[in-house]
Amino acid sequence: MIQQNTINRRDALAVAGGAAALMTGAGAMAATNSKISGIVLMDAHQLSQAIHARRVSCAEVMTAYLDHIERFNPKVNAIVSMRDRATLMNEARDRDGELARGQSRGWMHGFPQAIKDLAAAAGIRMTMGSPILKDFVPTTDSIHVERVKRAGAIVIGKTNAPEFGLGSQTYNPVFGTTLNPYDLTKTPGGSSGGACASLALRMLPVADGSDSGGSLRNPAAYCNVFGFRSSFGRVPSDAVDVFSAPFSVSGPLARTVPDLAMLLSIQAGYDPRAPLSNRQDPAVFAGPLSRDLKGVRIAWSGDFNGYLAFEPGILDLCRTALKHFEALGCVVEDARPDYPLEKVWDAWVKLRAAQNSAGLKGYYADPAKRKLMKPEAQYEVETGMKLSAFDLIDAAEVRTQWYEVVRRFSARYPFFVLPTAQVFPFDAKTHWPAEINGRKMDTYHRWMEVCSLVSMTGCPSLNVPAGFNARGLPMGMQIVGRNQDDLGCLQMAAAYDQATNFVRQHPPALLGI
């Protein structure tokens, strides 16, 4: 249902003036490459203002994005299952008609959006990267998809993801491999790799993602954008078991922190279909993000005193980036939660396998379909089949103990920071790193343990860009906040972004801007 937001003339003129200035800025950026529209170079806040001030029409926005996608998507294979252009243009013109009548659906009115191919968008294929589901078309939307549609977004297609979302590398037998905009020989990470590559190349204003063991954070780091694994329950999700705490959460991706926060304000909020979802008012994320950071204590946990293996250069890059927090007045100290991390990893493997098995066991039971499942998917089911109820109870107890250690740790350090990945973006033909700095990885997801340790706490974790190595490959670091302190993470990230400007100053060379 359309909200009857009558546009006040005085407000419209004020927004129009601001939008004109924003258009000038976008035009200046585009001057170095006349083939790129200034519309796609706007941040999402700028775009929303320009649309609502009628400086640009929704039809012009849709045209600019579809032309841009047509040019750049073949280079990276990030957006899949695109809808018919004529249909999308008709929907954009309908949005213009609504504005002409003084009606706005919300902040995303007229925004082109592609939904991660692990979430349902009614009428569009939802393959989950699996040949088993290559022709599946859902008739309903996932909860967070409902919400962006209600806020005015027009779904144009899906973003590519690894098969069943397993592994932080975006390739699958249905659509192929997604490539990194900063180096077309490298992976953009995953499982939200298609979404992050799309953002980096300005093919989407904002994007949705999901994260179990790093899938919002890792590709954001690899593509030099922001990705937010929100607190458990913050964004309600569809699930097989709505009464258990899943590892996977949905969340926002963006090129600026205000855009990230605004999208979260739309995605978040209680839904009765997810009885454990958070009841706090999500409007708080739509407000100002300014905060005095003087004296805020940050723990740099690094490699957990040698427990985690890292490719050379990552820890040094992050330590350098931490100096920006010190310049903002934060107190940064080397410290880490004290708990046997191998126990956390073992519990993670068991609990994750149990949750993944719930959705995969039916395919595995059918020999014909099992042959179509990649080894990592079969591994999850086979691991789950070996577990007893006692195994799961013991693993859940470890998860609780780990959370308690982190909770007590956060009494002294409201934030702790870690690298977002243990290796830089690697060859897109490599399924997963088998070794890091001489240390062998014993599973397909061990190389992302730096993220799974955080997932086990349920705490919010926001990837911010940390810079580039000598080969020009991006890396990020995680700002981990106290349980439910999503706003605090956004405030920290906003101040950091203003101090660094990594996204604005370092667009992919592929764009030519």
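The values are calculated or read from the model by the stated rules, or taken from the named source; none is laboratory data. Values in this document were obtained by computation on a predicted structure and should not be read as measured data. Here Cβ is always computed from backbone atoms with ideal geometry, including for glycine, and neighbour counts include all displayed protein chains.
Would you confirm whether any residue within region 403-413 is in contact with a helix residue (DSSP H, G or I) (Cβ under 7 Å, 6 or more places away or on another chain) and either assigned to a strand (DSSP E or B) or buried (at least 16 other Cβ atoms within 10 Å of the Cβ) (or both)?
Checking region 403-413: not a single residue is in contact with a helix residue (DSSP H, G or I) (Cβ under 7 Å, 6 or more places away or on another chain) and either assigned to a strand (DSSP E or B) or buried (at least 16 other Cβ atoms within 10 Å of the Cβ) (or both).
Taking residue 83 and the conditions (1) out of contact with any helix residue (DSSP H, G or I) (no Cβ under 7 Å at 6 or more places or on another chain); (2) closer than 26 Å to residue 235 by Cβ; (3) basic (Lys, Arg); (4) not in a loop (DSSP other than H, G, I, E, B), which numbered condition does it fall short on, given that it satisfies the others?
Every listed condition holds for residue 83 apart from (4).
Yes or no, residue by residue, for (1) of a type in the set (Val, Ile, Thr); (2) surrounded by fewer than 20 Cβ atoms within 10 Å (Cβ to Cβ); (3) at pLDDT 85 or above:
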site: 39; (1), (2), (3): yes, no, yes
site: 43; (1), (2), (3): no, no, yes
site: 51; (1), (2), (3): yes, no, yes
site: 54; (1), (2), (3): no, yes, yes
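Residues checked against (1) buried (at least 23 other Cβ atoms within 10 Å of the Cβ); (2) in contact with a helix residue (DSSP H, G or I) (Cβ under 9 Å, 6 or more places away or on another chain); (3) among the aromatic types (Phe, Trp, Tyr):
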residue	(1), (2), (3)
396	no, yes, no
400	no, no, no
439	no, no, no
465	yes, yes, no
471	no, no, no
487	no, yes, no
513	no, yes, no
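Counting just the residues of region 370-394 that are in a loop (DSSP other than H, G, I, E, B) and hydrophobic (A, V, I, L, M, F, W, C), which one comes out surrounded by the most Cβ atoms within 10 Å (Cβ to Cβ)?
Across region 370-394, the extreme among qualifying residues is 373.
Can you tell me how many residues within region 314-345 are assigned to a loop (DSSP other than H, G, I, E, B) and touching a Leu at 6+ places or on another chain (Cβ under 8 Å)? Show your work before the answer.
Let us first name the residues in region 314-345 that are assigned to a loop (DSSP other than H, G, I, E, B), namely 328-330, 335-340.
Within this subset, residues satisfying the condition of being touching a Leu at 6+ places or on another chain (Cβ under 8 Å) are 328-330.
Number satisfying all stated conditions: 3.
Across region 112-140, which residue is surrounded by the most Cβ atoms within 10 Å (Cβ to Cβ) among those that are over 20 Å from residue 249 (Cα atoms) and of a type in the set (S, T, N, Q)?
130
Answer with yes or no whether residue 417 is assigned to a helix (DSSP H, G or I), at pLDDT 95 or above and either in contact with a helix residue (DSSP H, G or I) (Cβ under 8 Å, 6 or more places away or on another chain) or not polar (S, T, N, Q) (or both). Even if it seems obvious, please write down each step before you answer.
Details: assigned to a helix (DSSP H, G or I): no; at pLDDT 95 or above: yes; either in contact with a helix residue (DSSP H, G or I) (Cβ under 8 Å, 6 or more places away or on another chain) or not polar (S, T, N, Q) (or both): yes.
No, not satisfied.
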